[in-house]
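Just so it is clear, none of the values below were taken in a lab; they were calculated from the coordinates. The structure displayed is predicted, hence computed values, not measured ones. All Cβ positions, even for glycine, are placed from backbone atoms using ideal geometry, and neighbour counts span all protein chains on display.
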């Protein structure tokens, strides 16, 4: 059943995202063409259309990042506690399967949207000094890491992005699951639940870092001011941060998932 | 008014596990009770009308059967199972709200049902669509309200389910469409299954009913075989009007 759910979830979401990606990439190419013409002709008449196009692209990229998340949250609300829930819960599928499929597909599209943004920036920045400098900086940062740790660093970075995205989305899902318990104003209740959960999470994270700070060498280094040795082991610092935040994110992800699953399977309250 | 605790659909009672059984079922929203101590059993081969005015608890019961709400106390069993994956395999549910995605084509919904329900008959579905002259390639969002209702109903009735639960199946359609819908219900259900349908349009549905349950304010007011009511020289509609007269 999971395979079928994945098939329909991808099918139902793909069309919306492909349109957005096509618009962004078309606008990127248009802006790049204007940019190339301007670089060659250096005409002041081309500045206004170039700046307008760049501004539109910037707004488009911001919207793409924002809308991918907003669509994922709205879709979960509509499918799991809104009108579409009547169809969702008619299907002979476990609630946990519904949640996992929606979460996975949403994370997938959020990451793809991020990649589209990066591609867009690269296309636009190609041939410009700023992009060259950024790439050089990134390259020297990675090459400064010991060879054995480079792979570990990249894997940790990717996993950290995935788990961070998943846990932040899952918190929205949990807030929606809490909101549906109310008989009225479910959306407002969900928003309130989100704010409350966010505050609890912040307090928990702060306490966790305070309690563990004495046991983790890099935090000790930081408290006493960074030493030369510390900068030499910068990669270890980044690895430690990624590892700790990754573990915290996994903990939150699992906790939010379990609460959401319990509420939607044992305390469902569809209007 | 019949005692809530004693209602049993005896007309088809058998040693088999009942298709639907509610035991001391209660549902409240906060301090407000909306279903109070329901005890009903539905055996196979019956068309049961859940009849009552708006706000009497019909939809609440149907949501409890389909697992969309959680009982405050008591239990619902479908073929011996509480609402869950196993119960959903044997219940074909037509909700009072239209949950079909407007962006999907009729054919997409058929594929969806076909993929998820082993008992779904595509042949039956396409046959009914053809008789209604509805093109499977039409987008759901472009269908008229009546045709959309018909598509939802025939999706529901194209399953060979054990229990059909239909919430206001004729509520939003014209009289001609009502006849089609009721004929569809009769033609497509088998003696091995049962239908529980809720409505407040009694006169339209009474010809197909085997049993009736009158509900009011979350309680069962009366429950009996439709033939017993007719034997008293009354129609179900007449009895309903007498029961609910202000």
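The value of relative contact order for chain B, using C-alpha pairs under 8 Å at least six residues apart, is 26 percent.
What's the FRET efficiency of residue B:243 with residue B:114 using the Cβ-Cβ distance as r and R₀ = 41 Å, to the nearest 0.05? Let's see the in-between values first.
Details: r = 42 Å, r/R0 = 1.04.
Given R0 = 41 Å and the Cβ-Cβ separation, E is 0.45.
Every helix of 4 or more DSSP H residues in chain A counts as -39500 (n - 2.57), and over all residues that averages to -30000 deg cm²/dmol at 222 nm. Taking the Cα centre of each part, how many Å lie between the range A:1-67 and the range B:163-238? Spelled out, the Cα-based centre of one part sits 55 Å from the other. Per-residue ellipticity at 222 nm from helix content only, as computed over chain B with -39500 (n - 2.57) for each DSSP H run of at least four residues, stands at -9000 deg cm²/dmol. Over the C-alpha trace of the range A:1-143, radius of gyration and Dmax come out as 20.1, 64 angstrom. Comparing A:168, A:72, A:106 in a Gaussian network model of chain A where C-alpha atoms under 10 Å apart are linked, the largest mean-square fluctuation is found at A:168. With a Förster radius of 45 Å applied to the C-beta separation of residue A:158 and residue B:86, the computed FRET efficiency comes to 0.70.
By counting other Cβ atoms within 10 Å of each Cβ, how are B:200, A:128 ranked from fewest to most? Mind dumping the intermediate values first?
On the way: B:200 16, A:128 12.
Ascending number of Cβ neighbours within 10 Å: A:128, B:200.
With Cα atoms defining each centre, the range B:77-100 and the range A:110-177 are spaced 44 Å apart in the structure. Overall, the anisotropy analysis places chain A in the oblate class: the square-rooted eigenvalues a ≥ b ≥ c of its C-alpha gyration tensor yield a/c not less than 1.5, with a/b not exceeding b/c.
Find the relative contact order for chain A and round it to a whole percent, using C-alpha pairs within less than 8 Å whose residues are 6+ positions apart.
Working: 192 pairs, mean separation 62.5, N = 271.
Reported as a whole number, the value is 23 percent.
Peptide packing for B:154-165, A:17-28 was compared via the average number of neighbouring C-beta atoms within 10 Å per residue; ordered from the highest value, the list is B:154-165, A:17-28.
For the options B:50, B:35, B:132, a Gaussian network treatment of chain B with springs between C-alpha atoms closer than 10 Å singles out B:132 as fluctuating the most. Run the simple label-point estimate for residue A:255 and residue A:187 please: 7 Å along Cα→C-beta, distance reported in nm. Each label point is offset 7 Å from its Cα along the Cβ direction, giving 2.9 nm. Taking A:104, A:90, A:260 as the candidate residues, the one with maximal mean-square fluctuation in a Gaussian network model of chain A, Cα springs under 10 Å, is A:90.
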